[in-house]
1. Run the simple label-point estimate for Arg49 and Ser22 please: 7 Å along Cα→C-beta, distance reported in nm.
2. Quick one: length gained pulling Ser39 to Ser56 fully straight, 0.36 nm per residue minus the C-alpha distance?
3. Just need the relative contact order of the stretch 36-100 here, percent rounded to a whole number, with Cα pairs under 8 Å and 6+ apart.
4. Which value, in nm² and rounded to one decimal, describes the direction-averaged projected area of the C-alpha convex hull of the stretch 36-100?
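Rule-based calculations on the coordinates, nothing more; no lab input. Keep in mind that this is a model prediction, so the values were computed, not measured. Here the Cβ positions follow ideal geometry from the backbone for every residue, glycine too, while neighbour counts run over all protein chains shown.
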Amino acid sequence: MPPFPNQNTGPGGAMPAGPPPSATPQRNAQTRGATKMVSPGSINNCIGRFTYVWLSNGQEFWFFPVQVWFNSVAGFRWDRRFGWSYTGISLNRIDMFTCT
């Protein structure tokens, strides 16, 4: 079994040194409810950048992607109480995203 990453790194890279931007991006009203597929190539452009993610279940959060595969992305998810935590997201669960 591979070792778990320490607090500051994931298998694909290091977490950000500080919190994400304080301003939450606005979701474009025209894209709400639109059916689309997030491709590995599109989210790959956000590797190592603060990325705001809207999931199909209504959750939204800051994410810092460090690695992309064919159908998923791994990185650090921001929680105001607990800070950054390493996680993975299936690309078919992402409704929309934008990176800085």
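1. Distance between the two pseudo-spin positions: 2.3 nm.
2. 4.6 nm
3. Over the stretch 36-100, the number comes to 38 percent.
4. Values: hull surface 15.9 nm².
Directional mean of the projected Cα hull area for the stretch 36-100 stands at 4.0 nm².
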